[in-house]
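The block underneath contains the structure these notes are about, expressed in structure tokens.
The values are calculated or read from the model by the stated rules, or taken from the named source; none is laboratory data. Only a predicted model underlies this, so the values are computations on that prediction, with no experimental measurement involved. We place every Cβ from the backbone using ideal geometry, glycine too, and count neighbours over all the protein chains shown. Heads up: the accessible areas ignore ligands, DNA and RNA and are worked out on the full protein's heavy atoms, side chains in. Shrake-Rupley method; radii C 1.70, N 1.55, O 1.52, S 1.80 Å.
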Amino acid sequence: MRNLQARYTRDRLILLVVIVGTILAALPLTLVLGYALVNGFSSLNWDFFTKGPKPPGELGGGMAPAIVGTLVITGVGLLMATPFGIGAGILLAEYPDNKLNPTLRLLSDTLNGMPAILKGLLAYVLVVKAQGSFSGFSGALAMAFIMIPIIAKTTESVLKLVPWNIREAGLALGLPRWRVILSLVLPAARAGVVTGLLLATARAAGEAAPLIFTAFGNTLLTLNLSQPMDALPLRLYAYAISPYEDWHRQAWAAAVVLLGLIVLTSLLARWVTRGR
Amino acid sequence: MQQAPVQPSVIKRQPSAIYRVLGDRIFLAIVLLLALSIVALTLGLGYYLYLGGSQTINKEGFFGFLTGTTWDPALKLEFGIWPYVLGTIITSLSALVLSVPVALAAAIFTAEYAPRWLAGFINYLVDLMAAVPSVVYGIWGIFVLAPFLREAFYLPFFLWAAENAPWLSRYLGNPAGYGMFTGIVILSSMVIPFTAALSRDAINLVPAAQREGAYALGATRWEVMQTVILPYARGGIFAGAMLALGRALGETMAVAMVIGNGNILPYTLFGPASTMPAVIALELKEAVEDLHYSAIIGVGFYLFLIAFIVNSAASYLLNKLKVGSQRA
Amino acid sequence: MKKLLIATTALLGLASTGLAQVSLTGAGATFPFPVLSKYFDEYLKVTNNQVRVNYQSIGSGGGQRQFIEQTVHFGVSDNPFNDQQMTDIRKNTGSPALNIPFVLGAVVPTYNLPGVTQRLNFTGEVLADIFLGNIKTWNDPAIARLNPGVNLPALPITVVHRSDGSGTTFVWTDYLTKVSPEWAQKVGRGNSVNWPAPNKVGGRGNEGVAGVVRNTPGAIGYNEVTYAVQNRIQFGAVQNRAGKFMVAELPAITAAANVVLPGDARISLTNTNAPDGYPVSSFSYILVYEQLDKNKAFKSEAEARAFVQMLKWVVTEGQKFNEPLTYARLTEVAQARALALISRITYQGKPIGKEVVGQ
């Protein structure tokens with residue numbers, strides 16, 4: 001053993017390095033949040049939520065079509081993704097011996113890491129190209145592609161947390177396996193499954209890249225899924241790269257709203273799973 | 001199936017065999033079908049991207065397309081994606097190198113040093129960071145990071161080099177603020193949470209007995225870290241870095257907003273570069289020539305290949321680790 | 001009972017006007033985006049919220065692509081289709097394409113030089129040399145010679161170009177091709193070209209280029225003049241063929257269009273002969289299928305009619321919105337050409353263009 005004093009000094013030094021590293025790691029997020037709050041909050045007003053975009057160079061206007069569009073696109077995407085994601089999660093968790101599982105798990109994780117823009121490209125090829133028009137639906141499909149593996153993963157892990165004796169009890173009562181899963185296991189894991197859905201929604205809602213050539217953007221409010229639709233991240237991007245100061249202001253406001261949505265869902269997810 | 005919806009009580013008489021056996025079969029079939037969508041999606045992704053890109057890939061050749069250095073959609077209609085591939089690889093790997101030590105420090109701090117409340121808070125921040133949309137990082141990059149880097153680093157450094165080391169300026173490029181280095185900085189901030197989260201989990205998995213053993217032998221905290229924890233958690237940290245690499249490869253909007261979108265090799269440090277996702281995002285809608293259009297989807301296909309390799313390696317590692325830890 | 005009936009019919013009437021609402025999607029050039037966006041905003045009021053036009057400024061290249069892909073009702077481009085494209089479109093769809101001019105604009109060299117307040121002068125050759133990367137700093141003698149008395153900083157030049165397919169790029173490179181043999185040989189004209197300057201940054205759309213120029217000291221880019229004016233970005237005067245340094249103001253832009261216009265209105269106005277013309281001017285065109293039913297995006301005759309009415313409004317009454325936004329009105333000749341082109345439009349054989357224009 002070397003000199004004890006030297007070892008202690010080194011230990012402290014390392015602690016210092018670790019702390020500095022941690023601060024550096026937290027710095028970008030703190031800065032992004034700080035700037036978004038400072039620049040964005042002052043720009044949030046009633047118009048932002050209720051009006052559509054103005055022609056470039058004119059002051060004012062808002063992002064109502066984009067806010068509604070984001071809600072519709074992610075909502076529809078979630079509806080489409082949920083059965084597939086939960087189905088895959090059930091297979092992975094409840095049928096551990098299924099031969100498909102190792103492959104499925106690998107592909108699911110791989111798909112989860114695949115660039116979102118490629119999923120948008122797939123939606124473009126499958127829907128936009130085939131139907132001949134940009135649409136909210138194609139955007140929702142791209143969102144669903146993003147959500148499915150996330151939902152599958154969270155569903156699998158929360159189902160695995162449900163104690164086996166619940167299943168054994170159900171089976172012992174003579175319930176078939178599918179009833180055990182649907183009536184006992186899933187309800188027991190409900191909170192976790194919902195959390196997964198929330199997380200998937202939050203992840204997808206912020207994506208702009210896959211929407212560029214699917215939902216396309218729309219300056220007018222529409223609920224029609226076969227029409228091009230606006231989305232908050234898309235509008236944020238268009239405004240941020242523009243030269244117009246008033247649009248920059250609104251882009252920051254959009255950033256705050258997006259961040260707000262995400263913080264809200266993550267808090268909601270924490271609340272749902274509290275006490276676990 | 002039809003008699004099933006409301007089973008009055010579970011204690012009722014044994015239901016018929018049809019209900020049990022057939023029900024189970026049908027349920028499994030449905031679940032299987034739903035799960036197969038993931039397989040179909042992954043394969044479909046590769047297949048359709050190849051199909052869309054095949055026109056240009058066939059014209060330029062599988063490797064010619066990959067290694068060609070001219071991307072000229074106007075005069076010569078020649079398409080080589082090497083500038084984008086290289087841009088993607090350089091930015092992603094550099095971002096990884098910058099972010100891993102920092103992420104690791106955060107993981108070590110939360111797992112080993114921080115009081116519980118602080119660890120909880122930092123973990124929450126890290127998770128939140130992973131969820132912050134790319135465009136939000138992007139707007140911050142345009143209005144805060146790029147001007148700051150330009151004024152504080154690029155310009156002084158550039159002027160210094162112009163005076164004292166002219167040979168260096170060739171590798172520096174223009175200090176415009178939008179360029180490869182800005183892209184790398186923003187990318188590394190974005191991938192920190194992926195490495196941090198997995199490293200933290202891996203460190204938490206280290207058996208308490210091993211830790212306590214080392215402490216009992218009189219090791220300092222850092223020595224325990226060095227000799228016990230880091231070697232044990234190595235796999236998880238590595239998997240986390242792989243996952244971060246996968247994310248960095250596919251990151252689109254924030255990078256496209258600050259990287260300057262230049263397609264000429266060789267890249268310079270401050271000068272513009274471009275990445276594969278960025279070129280898809282910027283040019284797909286706008287390609288007039290069929291060949292150009294097909295070339296962009298072709299970029300998507302190669303990005304798919306690269307991302308597939310990196311991500312499946314990461315998930316393979318992760319799944320192996322999980323199995324290992326369950327046995328331990 | 002009667003009251004109820006009236007109320008019901010009123011409600012039905014409301015519902016049916018609701019149904020009569022038409023949504024049109026257009027995409028393309030960012031060059032006329034400010035004025036197009038103004039048109040459609042006003043047109044919404046003119047038609048009592050009945051005709052909603054969604055225009056996405058994705059670049060002229062995008063406008064042409066999406067027009068060919070038939071994902072939009074109309075495309076917008078600053079450069080008309082060339083002969084090859086016209087033949088291809090006719091061959092592939094069975095309907096010829098129409099390039100309807102609706103606005104005249106100018107592309108200006110925008111720059112960001114802190115401390116320089118005078119307007120800089122440029123010649124075509126100097127601009128070509130800057131964009132070729134031959135001129136690398138702002139205090140280069142070639143620039144200084146054109147701008148005596150201006151204290152040019154030693155800043156490195158950052159060339160800002162479009163990263164998307166762009167008609168503004170086409171107009172700009174078309175001009176450079178005409179004035180610089182070196183440019184013509186190395187780069188050429190196109191919606192997106194392989195930019196030779198090593199110190200360059202790409203921006204998306206006119207908006208993006210203006211944004212980058214605005215944020216980057218030492219940058220030079222090229223923009224539709226409106227973007228420069230609206231955002232108070234400095235822009236230079238360009239020497240025309242007659243040797244005059246012209247600023248892109250309305251009379252100079254209009255003068256550039258004072259040429260013999262072909263019947264299909266497809267023409268390049270750059271490097272004009274007009275002694276008072278601004279040398280980098282251009283029409284912007286709305287791209288339309290002559291037989292609207294050949295465009296998959298059109299689903300009904302009502303849509304087609306609403307669209308043609310909108311077109312007519314744009315080239316006639318809508319023109320009053322041009323000048324406040326630094327676009328020139330169509331000249332009388334150009335307007336007559338535009339109307340003639342519109343009157344050729346048909347839907348399932350019905351001459352709806354003639355009917356609408358004749359009204």
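Pairs meeting the criteria (first residue in region A:198-214 and buried (at least 24 other Cβ atoms within 10 Å of the Cβ), second residue of a type in the set (D, E, K, R), beta carbons under 7 Å, at least 6 apart or on different chains) are A:Pro210/A:Lys119; A:Ile212/B:Lys285; A:Phe213/B:Lys285. For region C:135-168, what are the residues that are open to solvent by less than 10 Å² (accessible area, probe 1.4 Å), facing chain B (nearest Cβ under 10 Å) and small (Gly, Ala, Ser)? Hits for region C:135-168 are C:Gly165, C:Ser166. The set of residues in region B:16-35 that are at pLDDT 90 or above and more than 8 Å from chain A (Cβ to nearest Cβ) contains only B:Ala29. Flag set for B:Leu125, criterion: among the hydrophobic types (A, V, I, L, M, F, W, C), under 30 Å from A:Ala209 (Cα atoms), at the interface with chain A (Cβ under 10 Å from one of its Cβ atoms) and surrounded by fewer than 23 Cβ atoms within 10 Å (Cβ to Cβ).
If we keep just the residues of region B:274-290 that are outside any helix (DSSP H, G or I) and surrounded by fewer than 24 Cβ atoms within 10 Å (Cβ to Cβ), which is modelled with the highest pLDDT? That would be B:Glu289.
A quick yes/no check of all residues on (1) without any contact (Cβ under 8 Å) to a residue 24 or more places away in the chain; (2) in a loop (DSSP other than H, G, I, E, B):
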residue	(1), (2)
B:Ile142	no, no
B:Leu149	no, no
B:Ala161	yes, no
B:Leu168	yes, no
B:Val191	no, no
B:Val206	no, yes
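Does C:Val308 qualify as being in contact with a helix residue (DSSP H, G or I) (Cβ under 9 Å, 6 or more places away or on another chain) and without any contact (Cβ under 8 Å) to a residue 60 or more places away in the chain? So C:Val308 fits the description; yes. When each of C:Val160, C:Val212 is tested for being assigned to a strand (DSSP E or B), within 22 Å of A:His248 (Cβ to Cβ) and not small (Gly, Ala, Ser), the lone residue that passes is C:Val160. Does A:Asp97 qualify as being more than 8 Å from every other protein chain (Cβ to nearest Cβ), acidic (Asp, Glu), assigned to a helix (DSSP H, G or I) and over 20 Å from the mean Cα position of the chain (by Cα)? For A:Asp97, the condition - more than 8 Å from every other protein chain (Cβ to nearest Cβ), acidic (Asp, Glu), assigned to a helix (DSSP H, G or I) and over 20 Å from the mean Cα position of the chain (by Cα) - is not met. Residue pairs whose Cβ atoms lie under 8 Å apart, sitting 6 or more positions apart in sequence or on different chains, and linking a residue in region A:7-19 that is facing chain B (nearest Cβ under 7 Å) to a partner that is of a type in the set (Asp, Glu) and in a helix (DSSP H, G or I), are A:Arg7/B:Glu223; A:Asp11/B:Glu223.
When C:Glu355, C:Glu290, C:Glu332 are checked against the criterion of being touching a strand residue (DSSP E or B) at 6+ places or on another chain (Cβ under 6 Å) and open to solvent by 10 Å² or more (accessible area, probe 1.4 Å), C:Glu290 stands alone in meeting it.
Of B:Tyr302, B:Tyr293, B:Tyr316, all but one fail to be closer than 23 Å to B:Ile57 by Cα, within 23 Å of the chain's Cα centre (by Cα) and in a helix (DSSP H, G or I); the exception is B:Tyr302. The requirement of being more than 17 Å from C:Asn54 (Cβ to Cβ), among the aliphatic types (A, V, I, L, M) and surrounded by 18 or more Cβ atoms within 10 Å (Cβ to Cβ) is satisfied by A:Leu29.
On inspection, A:Ala152 passes the criterion of being within 21 Å of A:Leu186 (Cα to Cα), buried (at least 24 other Cβ atoms within 10 Å of the Cβ) and within 10 Å of chain B (Cβ to nearest Cβ).
Only one of C:Trp183, C:Trp172 is closer than 27 Å to C:Gly105 by Cα, in contact (Cβ under 8 Å) with a residue 60 or more places away in the chain, open to solvent by less than 10 Å² (accessible area, probe 1.4 Å) and more than 9 Å from chain B (Cβ to nearest Cβ). Can you tell me which?
Just one listed residue meets the conditions, C:Trp172.
If you go through region C:113-121 one residue at a time, do you hit one that is part of a loop (DSSP other than H, G, I, E, B) and within 22 Å of C:Val333 (Cβ to Cβ)? Within region C:113-121, none of the residues are part of a loop (DSSP other than H, G, I, E, B) and within 22 Å of C:Val333 (Cβ to Cβ). With the requirement that a residue be within 14 Å of another protein chain (Cβ to nearest Cβ), charged (D, E, K, R) and outside any loop (DSSP other than H, G, I, E, B), what does region C:286-322 give you? Result: C:Asp293, C:Lys294, C:Glu303.
For region C:192-209, a residue qualifies if it is of a type in the set (Lys, Arg) and assigned to a loop (DSSP other than H, G, I, E, B), and exactly one does: C:Arg204. Please work out if C:Glu69 is surrounded by fewer than 24 Cβ atoms within 10 Å (Cβ to Cβ) and modelled with pLDDT of 90 or more. Considered against the rule, which asks whether it is surrounded by fewer than 24 Cβ atoms within 10 Å (Cβ to Cβ) and modelled with pLDDT of 90 or more, C:Glu69 comes out as no.
If the condition is being open to solvent by 40 Å² or more (accessible area, probe 1.4 Å) and either closer than 21 Å to A:Pro163 by Cβ or not charged (D, E, K, R) (or both), then region A:79-99 contributes A:Leu79, A:Met80, A:Pro83, A:Phe84, A:Pro96, A:Asp97.
Could you tell me which residue of region A:265-276 is modelled with the lowest pLDDT, considering only residues that are within 11 Å of chain B (Cβ to nearest Cβ) and open to solvent by 30 Å² or more (accessible area, probe 1.4 Å)?
Start the filter on region A:265-276 by keeping residues that are within 11 Å of chain B (Cβ to nearest Cβ), which leaves A:265-267, A:269-270.
If we keep only those that are open to solvent by 30 Å² or more (accessible area, probe 1.4 Å) too, we end up with A:267, A:270.
Details: A:Leu267: 84, A:Arg270: 79.
Result: A:Arg270.
Within region A:155-185, can you find the residues that are more than 30 Å from A:Ala204 (Cβ to Cβ), among the β-branched types (Val, Ile, Thr) and open to solvent by less than 10 Å² (accessible area, probe 1.4 Å)? Answer for region A:155-185, where residues must be more than 30 Å from A:Ala204 (Cβ to Cβ), among the β-branched types (Val, Ile, Thr) and open to solvent by less than 10 Å² (accessible area, probe 1.4 Å): just A:Val180. Take the residues in region B:96-119 that are more than 14 Å from B:Ala196 (Cβ to Cβ), of a type outside the set (Lys, Arg) and in a helix (DSSP H, G or I); name whichever of them is modelled with the highest pLDDT. Going through the qualifying residues, I end up with B:Val97. Can you report the number of residues in region B:78-111 which are under 15 Å from the mean Cα position of the chain (by Cα) and facing another protein chain (nearest Cβ under 9 Å)? Summing the residues that are under 15 Å from the mean Cα position of the chain (by Cα) and facing another protein chain (nearest Cβ under 9 Å) in region B:78-111 gives 2. Residues that are among the polar types (S, T, N, Q) and more than 10 Å from chain A (Cβ to nearest Cβ) within region B:199-255 comprise B:Ser199, B:Asn204, B:Gln210, B:Thr227, listed in sequence order. Could you tell me whether region A:40-60 includes any residue that is in a helix (DSSP H, G or I), surrounded by 20 or more Cβ atoms within 10 Å (Cβ to Cβ) and within 14 Å of chain B (Cβ to nearest Cβ)? There is at least one residue in region A:40-60 that is in a helix (DSSP H, G or I), surrounded by 20 or more Cβ atoms within 10 Å (Cβ to Cβ) and within 14 Å of chain B (Cβ to nearest Cβ). If you go through region C:215-235 and pick out every residue that is part of a strand (DSSP E or B) and away from chain B (no Cβ under 14 Å), you end up with 5.
Within the bounds of region C:76-90, is there any residue that is modelled with pLDDT of 90 or more, in a strand (DSSP E or B) and surrounded by 24 or more Cβ atoms within 10 Å (Cβ to Cβ)? Yes: one or more hits.
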